[in-house]
Amino acid sequence: MTAYLNDAVAMLEPILAYTADDVEPTYHPIGDLSNVMRADAPDPAHGLSLDAALGNAGASRDRSFRVPSILGDGGAA
Amino acid sequence: MANFDKLTAAQIATGVSAGAFSAEDVARAALDAIAARDGSVSAFLQVTPEAALEAARATDAARARGEKLGPLAGVPVAVKDNMNQVGTRTTCASRMLENYESPYTATCVQRLIDAGATPVGKTNMDEFAFGSSTETSAFARTNNPWDTGRVPGGSSGGSAAAVAAGEVPLSLGSDTGGSIRQPAALCGVFGMKPTYGVVSRYGVVAFGSSLDQVGPFGRTVEDVALGMNALVAGGSDPLDSTSQPCGTDFLGCLDQGVEGARVGVIPQLLDAEGLSPEVAAAVRGAADKLEAAGAEIVEVELPHMDAAIAAYYVIGPAEAFSNLARFDGVRYGYQEPGCATLAEQSSLSRAHGFGIEAKRRQMLGAYLLSSGVYDEYYFAAQKARTLITGDYRRAFERADVLLMPAAPRAAWRFGEISDPTQMYLSDVFTVPINIAGNGGISVPLGLGADSGLPVAAQLVAPSFGDAALIRFAAALERACGAASVAPACAGKGGELK
């Protein structure tokens with residue numbers, strides 16, 4: 001991985017020349033894009049059911065994802 | 001009746017709608033062709049016969065009720081395995097998502113189904129679309145149907161190979177830096193990446209959010225146009241904030257001709273280091289054919305092309321690092337068993353779930369977004385993006401479309417390119433278009449004079465001027481002929497009864 005990162009970063013060196021102050025950066029190909037916000041209301045047609053939301057989790061209990069301790073010794077999920 | 005692989009998607013839809021054959025018979029022929037051919041090609045990660053036959057029977061039932069069928073009625077389609085489709089796993093060819101069941105269907109897949117298509121399965125790809133040869137798939141090696149000792153290109157190698165092998169007439173891929181156009185070139189089929197925003201990406205697993213776009217593969221331009229019409233039907237998708245309305249009738253562009261149109265060629269690209277002589281000759285030949293068809297050839301410049309690869313490998317890994325942070329082993333994806341803490345579980349799930357190229361890209365992205373490095377690289381890459389986009393805008397003041405190579409060479413042997421940074425250069429002609437956001441299409445130009453393998457040109461259109469891609473690709477198709485099924489696969493299984 002170290003050798004790869006060295007090679008990859010070396011490959012990127014040409015980009016370091018692009019520092020001109022009079023060039024604005026382009027962060028997105030659609031310049032005037034704005035967020036599309038839907039109404040702040042339940043949308044059953046596109047919401048996930050609880051079963052679907054938990055169905056791909058490695059571990060769940062009741063209505064929640066189950067995880068090991070977040071602070072220290074707490075036992076496996 | 002003829003073998004299924006001799007029929008285009010358009011002919012299948014017309015035949016099913018007219019009752020010349022049933023959608024179920026077509027589905028069975030496609031499944032038979034896959035069974036006979038995919039042992040040597042391995043384009044598919046999942047084949048879904050039950051879902052295919054169910055969809056086909058629904059199409060036949062609708063016809064029996066006298067309903068007007070959709071424009072893709074009974075057309076077998078395959079989709080890249082980074083697109084969610086209920087009833088399938090969406091693995092991204094990664095151990096991380098090996099058991100991930102699609103909780104919903106991506107808009108692009110749903111729109112093909114809504115148009116009457118018969119989904120037959122999910123295709124192989126580079127893991128999370130990180131690659132140019134499909135070799136980084138965790139599950140299978142997809143072989144180029146023209147020479148099974150060679151790569152199909154990538155990352156949508158399975159979708160390209162499935163069409164080249166005659167297993168399906170139409171498939172979907174995604175393209176972040178050339179992942180539709182480059183495998184299409186190596187497999188000798190048409191592959192179109194529309195302008196960023198034309199096709200919804202809702203339900204497609206994200207790689208580079210300012211670069212990703214979905215598009216179709218086909219063996220004829222008409223089939224690509226049919227696919228595009230289905231993908232944009234219904235207008236912009238409210239579920240994807242980047243989705244833009246597209247009112248183009250792509251089928252209507254097929255016969256417009258190119259008389260008086262201006263085709264831009266870029267001399268610096270045709271003399272580029274690493275471009276094989278047979279590809280350069282084929283692209284020059286394509287320019288001659290367009291000129292013979294009435295187009296004017298003009299020379300244009302893209303002065304900042306040299307920055308494109310570096311800009312791409314800053315922006316792409318940075319966005320990938322951000323997008324793939326969601327795979328924490330909790331909500332979905334591989335979960336390391338027996339971990340005492342959440343931190344340990346997250347770390348080991350990612351360590352054991354991701355393959356080597358996915359780790360490389362994320363490590364590179366993490367470095368590039370780190371404090372102090374970010375300003376140097378990421379900011380500069382976005383400035384380069386401004387300049388590259390400006391190059392294209394100026395080029396399109398002088399030309400209606402640009403003609404250039406799609407890939408620097410024909411398909412290479414497995415393992416031939418083992419250095420990942422060398423592999424990145426195989427996308428040198430495609431990544432600038434993703435940086436600028438424009439649409440491009442890979443057009444097969446027959447077999448290379450030296451390799452005897454498919455070679456291709458790429459057409460690039462102004463932003464949201466994707467109609468030009470179909471118009472000029474159709475002109476080249478008239479001059480060069482449609483793509484053909486790879487000889488080793490043609491006619492194997494797939495008899496349409």
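The values are calculated or read from the model by the stated rules, or taken from the named source; none is laboratory data. Quick caveat: nothing in here was measured; it's all calculated off a predicted structure. We place every Cβ from the backbone using ideal geometry, glycine too, and count neighbours over all the protein chains shown.
Results for (1) surrounded by fewer than 24 Cβ atoms within 10 Å (Cβ to Cβ); (2) under 18 Å from B:Gly177 (Cα atoms); (3) hydroxyl-bearing (Ser, Thr, Tyr), shown as yes or no for each residue.
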position: B:Val401; (1), (2), (3): no, no, no
position: B:Pro405; (1), (2), (3): no, yes, no
position: B:Ile435; (1), (2), (3): no, yes, no
position: B:Val443; (1), (2), (3): no, yes, no
position: B:Gln458; (1), (2), (3): no, yes, no
position: B:Ala461; (1), (2), (3): no, yes, no
position: B:Ala488; (1), (2), (3): yes, no, no
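Looking at B:Val198, B:Val279, B:Val224, just one residue is buried (at least 24 other Cβ atoms within 10 Å of the Cβ), closer than 30 Å to B:Phe321 by Cβ and modelled with pLDDT of 95 or more, and that residue is B:Val198. Please verify whether the stretch B:422-441 includes one or more residues that are at pLDDT below 95 and among the hydroxyl-bearing types (Ser, Thr, Tyr). Checked against the condition, which is being at pLDDT below 95 and among the hydroxyl-bearing types (Ser, Thr, Tyr), the stretch B:422-441 yields at least one hit. Taken together, B:Gly294, B:Gly235, B:Gly285 contain a single residue that is over 21 Å from B:Thr389 (Cα atoms) and touching a residue at least 60 places away in the same chain (Cβ under 8 Å), which is B:Gly285.
Residues in the stretch B:384-421 that are among the polar types (S, T, N, Q) and modelled with pLDDT of 95 or more: B:Thr386, B:Thr389.
Kindly indicate whether any position in the stretch B:205-212 is within 24 Å of B:Gly157 (Cα to Cα), more than 14 Å from chain A (Cβ to nearest Cβ), part of a helix (DSSP H, G or I) and touching a residue at least 24 places away in the same chain (Cβ under 8 Å). No, because not a single residue in the stretch B:205-212 is within 24 Å of B:Gly157 (Cα to Cα), more than 14 Å from chain A (Cβ to nearest Cβ), part of a helix (DSSP H, G or I) and touching a residue at least 24 places away in the same chain (Cβ under 8 Å). Checked against the criteria, B:Ser347 does not count as touching a residue at least 24 places away in the same chain (Cβ under 8 Å), among the hydroxyl-bearing types (Ser, Thr, Tyr), more than 10 Å from every other protein chain (Cβ to nearest Cβ) and surrounded by 15 or more Cβ atoms within 10 Å (Cβ to Cβ). Restricting the stretch A:1-45 to residues that are of a type in the set (Gly, Ala, Ser) and more than 7 Å from chain B (Cβ to nearest Cβ), which is nearest to B:Ser241 (Cα to Cα)? Restricting to residues being of a type in the set (Gly, Ala, Ser) and more than 7 Å from chain B (Cβ to nearest Cβ), the top hit is A:Ser34. Among the residues here, B:Ala10 does not qualify as within 18 Å of B:Glu495 (Cβ to Cβ) and either modelled with pLDDT of 95 or more or surrounded by fewer than 19 Cβ atoms within 10 Å (Cβ to Cβ) (or both). Counting only helices (runs of 4 or more DSSP H) that fall entirely inside the stretch B:354-470 and contain at least 3 residues that are away from chain A (no Cβ under 14 Å), more than 30 Å from B:Pro487 (Cβ to Cβ) and over 18 Å from the mean Cα position of the chain (by Cα), the qualifying elements are B:373-398.
Each residue in the stretch A:46-57 was checked for being at the interface with chain B (Cβ under 7 Å from one of its Cβ atoms), part of a loop (DSSP other than H, G, I, E, B) and at pLDDT below 95, and 2 pass.
Taking (1) touching a residue at least 60 places away in the same chain (Cβ under 8 Å); (2) of a type in the set (D, E, K, R); (3) away from every other protein chain (no Cβ under 11 Å) in turn, B:Glu299 satisfies each apart from (1). Scanning the stretch B:115-154 for residues that are among the polar types (S, T, N, Q) and under 14 Å from B:Leu45 (Cα atoms) yields B:Thr123, B:Asn124, B:Thr134, B:Thr136, B:Ser137, B:Thr142, B:Asn143.
Checking the stated criteria, B:Glu50 turns out not to satisfy the condition of being charged (D, E, K, R) and under 22 Å from B:Gly227 (Cβ atoms).
Only one of the numbered conditions (1) within 20 Å of the chain's Cα centre (by Cα); (2) more than 21 Å from B:Cys187 (Cβ to Cβ) is violated by B:Asp81, and that is (2). Within the stretch B:473-497, the set of residues being at positive phi and either assigned to a helix (DSSP H, G or I) or over 22 Å from the mean Cα position of the chain (by Cα) (or both) comprises B:Gly491, B:Gly493, B:Gly494.
What are the residue pairs meeting all of these: first residue in the stretch B:97-124, first residue within 14 Å of chain A (Cβ to nearest Cβ), second residue among the basic types (Lys, Arg), Cβ atoms under 6 Å, and 6 or more apart or on different chains? Every condition considered, the pairs that remain are B:Tyr100/B:Arg89; B:Glu101/B:Arg89. If the requirement is being in contact (Cβ under 8 Å) with a residue 24 or more places away in the chain, among the polar types (S, T, N, Q), closer than 23 Å to B:Lys193 by Cα and away from chain A (no Cβ under 14 Å), which of these qualifies: B:Thr242, B:Thr248? Going through B:Thr242, B:Thr248 in turn, just one is in contact (Cβ under 8 Å) with a residue 24 or more places away in the chain, among the polar types (S, T, N, Q), closer than 23 Å to B:Lys193 by Cα and away from chain A (no Cβ under 14 Å): B:Thr248.
Within the stretch B:290-309, the residues that satisfy the criterion of being among the small types (Gly, Ala, Ser) and more than 22 Å from the chain's Cα centre (by Cα) are B:Ala292, B:Ala293, B:Gly294, B:Ala295, B:Ala307.
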